[in-house]
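Scroll down for the structure; my scribbles are underneath it.
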Amino acid sequence: MNAWRGTVAAAFAALATVTTAPYLAAWCRPPDGHAFTGVFFYRDDFYQYLSFAEQAGHGALAFRNKFDLRPHEPFVVNVEWWTAGVLGRLAGGPAAGFHALRLVALLGLVSGAAALLRRAGLSGAPLRWALALVVTGGGLGWLALWAGTPGWQVPDVAMGLYPFHQSLTNTHFAVGTALLLWSLALLLDARAARGPRWRWIATATLLGFSRPYDFATFAATAGLLGLVDLARARTRRSGVGGLLDLAWLAPVAVYYGLLAGAHPSFGGWGGQDIDLSPPLHHYVLALLPAALLWIVFAGRRGASAPAGVREALYAWGVANASLLLLGPSGLARQTVTGLGAAMLLLAATAVPRRALPWAVFALAPTSAFLLWRVFHPWPDCFAPRDYFAAVERLRGACAPGDVAIAPTDLSLMVAGLTPCSVVFGHRTLTPGYAERLAEGNRFYHEPDTPAGWRRAYVEARGARFVAVPAQGGERLLGPASPFRPILRTPLLEVWERR
């Protein structure tokens with residue numbers, strides 16, 4: 001046990017150091033006049049998460065949608081976002097809270113993977129190399145990019161398909177995979193009568209109230225394992241019990257059905273089919289290296305891993321592959337971000353121990369590319385310092401329920417870092433998003449828009465604050481506007497209703 005803990009501690013320290021270094025570099029070396037936004041990928045989703053964590057930082061347990069101006073009661077319950085908000089209260093804000101939570105998630109991810117590998121019979125140096133394979137492996141994304149495939153079509157670059165990418169870029173993915181790994185490990189213990197069932201039910205419930213996509217994966221995996229047990233005469237009773245135990249997770253499923261299917265303010269989450277999802281055939285390149293390792297070596301060494309572990313990993317892979325192939329939209333593909341971890345775990349338990357170091361180096365190129373890429377971040381990873389000045393001013397001035405009008409990029413920051421609600425914001429949580437974009441273009445960018453239309457628009461939205469270009473307040477809002485400037489910077493101004 002001490003050796004296993006030492007392996008986990010060393011792997012966590014290495015992964016945390018490697019994946020945190022690009023963030024520190026971006027914070028310390030932003031372009032002139034800019035500051036790091038705190039995120040490399042999925043900026044709009046990141047600020048969506050922050051919009052809930054910001055509410056948790058003020059004591060909320062259930063969250064409202066800051067991108068929906070229609071009256072509604074707080075309804076979202078999410079343990080991950082609540083934890084980020086509580087950590088942010090100590091660390092200096094919701095963004096800092098998420099970065100603190102990312103480190104906690106990495107520990108859970110590394111220890112969860114190591115727990116499954118140990119249950120597969122690995123220890124000592126083979127365990128260390130197998131764990132390295134799981135936390136650094138990737139697909140052929142580097143090759144697809146070199147061949148000219150757009151980055152958004154490369155799943156192991158853009159979709160968080162593997163643990164390293166999740167660790168590097170998205171706390172939400174890392175939390176989901178960590179809880180999924182531990183839920184599966186504790187389920188295996190319960191099936192083998194080595195632990196009580198309440199432990200996997202508890203972690204699966206936490207998973208459901210953190211990342212429901214991975215919850216769907218786990219529920220499907222546990223269901224398949226129950227069916228396997230049911231098909232065998234000697235395990236039929238345990239199969240029935242395992243399937244009945246899934247009823248403990250039913251409240252989570254019912255809650256999300258009500259949230260996404262019936263709640264008017266959050267039904268937009270079901271509209272993620274507007275996301276840019278890679279074509280299915282690109283998943284072949286993304287998964288090919290790990291799949292080949294497993295296929296080549298499974299017959300030689302697979303029998304040495306306990307049957308329960310093999311069955312669990314097979315069920316996980318089948319569940320994710322089914323969701324990927326049969327899912328009706330891009331939303332379904334959000335559920336398969338754990339498929340890379342499943343394939344790497346299968347490969348790690350099949351590859352001969354002496355070949356594990358070679359497997360680690362063979363599957364690392366895409367992860368190495370991603371690390372290089374975030375050390376050379378895109379311009380939109382940074383925002384003008386004047387944006388941060390506006391956010392800081394609004395943080396102290398606005399109260400929950402106050403409405404701010406600002407360009408979309410700034411609106412995302414305002415929703416994530418202040419108590420304000422916003423008119424232009426997240427692509428799936430903003431009702432009538434396309435119409436809001438058209439209105440924003442007319443408000444800010446069409447010079448022939450009458451000031452009267454803008455004033456009427458501000459009144460219709462009930463805005464207390466409006467961000468406008470520098471020296472543009474009177475031009476955009478008119479000389480008789482009921483607003484007064486509360487912040488002037490070289491780039492923009494913030495005006496408040498008198």
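Each helix, a run of at least 4 DSSP H residues, gives -39500 (n - 2.57); summed and divided by the residues of the chain, these come to -20000 deg cm²/dmol at 222 nm.
Using a 1.4 angstrom probe on heavy atoms only, work out the carbon and sulfur share of the accessible area of segment 33-185 in %. Spell out each step's value before the answer.
Numbers: 3190 of 4660 Å².
Summing carbon and sulfur atoms, their accessible area is 68 percent of the total for segment 33-185.
The Cα trace of segment 366-413 gives Rg and Dmax of 15.6, 45 Å, the first to one decimal, the second as a whole number.
Amide H contacts of residue 195: 190, each under 5 Å away and 5 or more positions distant or on a separate chain (H built 1.01 Å from N in the peptide plane; Pro and chain starts excluded).
Here the Karplus relation 6.51 cos²θ - 1.76 cosθ + 1.60, evaluated at θ = phi - 60°, turns the backbone of segment 450-455 into coupling constants of x, 4, x, 5, 5, 4 Hz, with x for every Gly and Pro.
If the Kirkwood radius is taken over C-alpha pairs of segment 344-393, then at 20 °C and 1.002 mPa s the Stokes-Einstein diffusion coefficient equals 148 µm²/s. In this structure the amide hydrogen of residue 486, modeled in the peptide plane, comes within under 5 Å of the amide hydrogens of 494, 495, 496, none closer than 5 places in sequence on its chain.
Can you tell me the order of 50-57, 174-181, 202-209 when each peptide is scored by its average per-residue count of other Cβ atoms within 10 angstrom, highest first?
Details: 50-57: 26.8, 174-181: 28.8, 202-209: 22.1.
The peptides rank, most packed first, as 174-181, 50-57, 202-209.
For segment 349-354, backbone phi angles converted through the Karplus equation (6.51, -1.76, 1.60; θ = phi - 60°) give residue-by-residue couplings of 7, 9, 5, x, 4, 5 Hz, Gly and Pro being listed as x. Solvent-accessible surface of the chain, averaged per residue with a 1.4 angstrom probe and all protein chains in place: 41 square angstrom. Working note: Cα gyration tensor of segment 171-249, eigenvalues times five, square-rooted, sorted largest first, giving semi-axes of 23, 12, 10 Å.
With the cut-off at under 12 Å, measuring from each backbone N in segment 126-169 to a point 7 Å along the Cα-to-Cβ line of residue 17 picks out no residue. Compared with the direct C-alpha span, the chain from residue 246 to residue 488 gains 81.4 nm at full extension, assuming 0.36 nm per residue. Left without a cysteine partner by the 4.7 Å Cβ rule in the chain: 28, 381.
Residue 474 to residue 325: FRET efficiency via 1/(1 + (r/R0)^6), r the Cβ-Cβ distance, R0 56 Å, to the nearest 0.05? Don't skip to the end; give the middle numbers.
Numbers: r = 58 Å, r/R0 = 1.03.
Working from the Cβ atoms, E equals 0.45.
Determine, at each q value in 0.15 (inverse angstroms), the log₁₀ of I(q)/I(0) that the Debye formula gives when each Cα of segment 369-498 is one equal point scatterer. At q = 0.15 Å⁻¹ the computed log10 ratios are -0.70. Here Cα Rg over 2.2 N^0.38 Å was computed from the coordinates, and among (i) 2.05; (ii) 1.10; (iii) 1.04 the match is (iii).
Take the Cβ-Cβ distance between residue 9 and residue 295 as r, set R0 to 30 Å, and report the resulting FRET efficiency rounded to the nearest 0.05. Between residue 9 and residue 295 the formula returns 0.35.
For 80, 446, give the ranking by accessible area with the largest first, probe 1.4 Å.
Numbers: 80 5, 446 70 Å².
Putting 80, 446 in descending order of accessible area: 446, 80.
Once a ≥ b ≥ c are taken as the square roots of the eigenvalues of the Cα gyration tensor of segment 124-216, is the result rounded (a/c under 1.5), prolate (a/b larger than b/c) or oblate (a/b not larger than b/c)? Judged from the Cα gyration tensor, segment 124-216 comes out oblate (a/c at least 1.5, b/c at or above a/b).
Can you pull out the trypsin sites (Lys or Arg not before Pro) in segment 160-232 whose DSSP state is coil and whose Cβ has at most 12 other Cβ atoms within 10 Å? Please report the intermediate quantities before stating the final value.
Values: sites: 191, 194, 197, 199, 232; in loops: 194, 232.
When the trypsin sites (Lys or Arg not before Pro) of segment 160-232 are filtered for loop state and at most 12 Cβ neighbours within 10 Å, 194, 232 remain.
With each label modelled as a point 7 angstrom along the Cα→C-beta vector, the residue 194-residue 234 pair spans 1.8 nm.
Radius of gyration (Cα atoms) of segment 330-424, expressed as a multiple of 2.2 N^0.38 Å: 1.76. Any idea what % of Cα-Cα pairs in segment 1-151 are farther than 20 Å? That fraction is 64 percent. With the gyration tensor restricted to C-alpha atoms of segment 394-436, the semi-axes of the equivalent ellipsoid amount to 18, 9, 8 Å, longest first. Note on residue 439: accessible area is roughly 40 Å² with a 1.4 Å probe, heavy atoms of protein only.
The values are calculated or read from the model by the stated rules, or taken from the named source; none is laboratory data. All figures in this text were calculated on a predicted structure; none of them were measured in a lab. Quick reminder, even Gly has a Cβ in these numbers, built from the backbone with ideal geometry, and neighbours come from all protein chains shown. For the accessible areas, the whole protein counts, side chains as well, though only heavy atoms, and no ligand, DNA or RNA atoms are used. Shrake-Rupley method; radii C 1.70, N 1.55, O 1.52, S 1.80 Å.
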